1. When the residues of the range 22-61 are narrowed to those that are in contact with a helix residue (DSSP H, G or I) (Cβ under 8 Å, 6 or more places away or on another chain) and outside any strand (DSSP E or B), which ends up surrounded by the fewest Cβ atoms within 10 Å (Cβ to Cβ)?
2. Which fully enclosed strands (runs of 3 or more DSSP E) of the range 282-338 have 2 or more residues being touching a helix residue (DSSP H, G or I) at 6+ places or on another chain (Cβ under 7 Å)?
3. Can we say residue 211 is modelled with pLDDT under 95, surrounded by fewer than 23 Cβ atoms within 10 Å (Cβ to Cβ) and out of contact with any strand residue (DSSP E or B) (no Cβ under 9 Å at 6 or more places or on another chain)?
4. What is the number of the single condition among (1) buried (at least 19 other Cβ atoms within 10 Å of the Cβ); (2) within 21 Å of residue 222 (Cβ to Cβ); (3) in contact with a strand residue (DSSP E or B) (Cβ under 7 Å, 6 or more places away or on another chain) that residue 277 does not meet?
5. Considering the range 183-212 alone, what residues qualify as being under 10 Å from residue 167 (Cα atoms) and in a loop (DSSP other than H, G, I, E, B)?
6. Quick one: in the range 161-177, which of the residues that are at negative phi and surrounded by fewer than 17 Cβ atoms within 10 Å (Cβ to Cβ) is farthest from the chain's Cα centre (by Cα)?
7. Just to check your reading of the model, which residue among 199, 137 is at pLDDT 95 or above and out of contact with any strand residue (DSSP E or B) (no Cβ under 9 Å at 6 or more places or on another chain)?
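The values are calculated or read from the model by the stated rules, or taken from the named source; none is laboratory data. Because the structure is a prediction, the values reported are computed rather than measured. Backbone-built Cβ (ideal geometry, glycine too); neighbour counts: all protein chains shown.
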């Protein structure tokens, strides 16, 4: 276990007026005996099957029993023949259909050939030891063109209303984030219920640009650089994302309908195009930190579990380069104003490994998915 001591000096006395976070937390190995994993980027629980699915960037999905043993993860899908890897490309995210127990659908977002990322749907079969994906069932929902090997974004999440959300990076061409005729640099929201090859999705009637001929109607918000991880708070329905910055600032954003989050005109509080940064045009981050603290933000989740009462209502996030973990008061951030974050420091030899993603199970408990080769950690009280 790794105790994370609160560095209170960077937090105001009330951390933005919403109380104080816990003084320390632990990261506990969630699945003792789990063998070495190569670049895991996601963890998804399948409650009705008593399974967890581990997403590997190389294109594989591994299944482990919820209650163990965990020493022999089983490959339930291998997307490697269709997945391009290297840099920030690969199998980026999966999400279970809200009606999974009836239809068995799983959605995936991955990098394919021809400089494209694909959002697809798979059917699954069996339960327990017989659970598997059906590769022949792959249905293309949406393709997103990208220019380079980085900034793919790539997080999937379903909202309480059944709509599917996708965070899309700018694809390495920063000005695409301000071009609403294309999808890079945006948060996409679509309705995939009843999807077919001829009609893979519908536009929700309350999407903000439904009646604009000059804007892709799939767009919910735009002006993001690389929203690598995104989550939806199931108690408030607020959409959170960590937007990876350029050379100065990392951002935490609460995504607003029709909102322009500023990139590449803005990076954090800095205006990169003097005279073009009227604050009335943009949605400001709820928090940003400079590169003295890290170099690539890893967006997390608002904790809504029961095992750690002092953490309830706090949004946890990390940085890929430094391994630092912060807690941000979600209620304060929901007000739309910038708030301070409390730093949970794991520095030095105690660092358990570079965190690539956070995950949430069906009970609201949080996990940290690490590139240290062996571990997926459960966030626990001290």
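1. Applying the filter and picking the extreme gives 48.
2. Per the criteria, 314-319.
3. Yes: the conditions hold for residue 211.
4. In the conditions (1) buried (at least 19 other Cβ atoms within 10 Å of the Cβ); (2) within 21 Å of residue 222 (Cβ to Cβ); (3) in contact with a strand residue (DSSP E or B) (Cβ under 7 Å, 6 or more places away or on another chain), residue 277 misses (1) alone.
5. Matches in the range 183-212: 183, 184, 185.
6. Filtering the range 161-177 for residues that are at negative phi and surrounded by fewer than 17 Cβ atoms within 10 Å (Cβ to Cβ), the one farthest from the chain's Cα centre (by Cα) comes out as 175.
7. Going through 199, 137 in turn, just one is at pLDDT 95 or above and out of contact with any strand residue (DSSP E or B) (no Cβ under 9 Å at 6 or more places or on another chain): 199.
Matching residues to (1) surrounded by 20 or more Cβ atoms within 10 Å (Cβ to Cβ); (2) closer than 20 Å to residue 34 by Cβ; (3) within 20 Å of the chain's Cα centre (by Cα); (4) touching a residue at least 60 places away in the same chain (Cβ under 8 Å):
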site	(1), (2), (3), (4)
81	no, no, no, no
92	yes, no, yes, yes
109	yes, no, yes, no
115	no, no, no, no
119	yes, no, yes, no
123	no, no, no, no
133	yes, no, no, yes
144	yes, no, yes, no
147	no, no, no, no
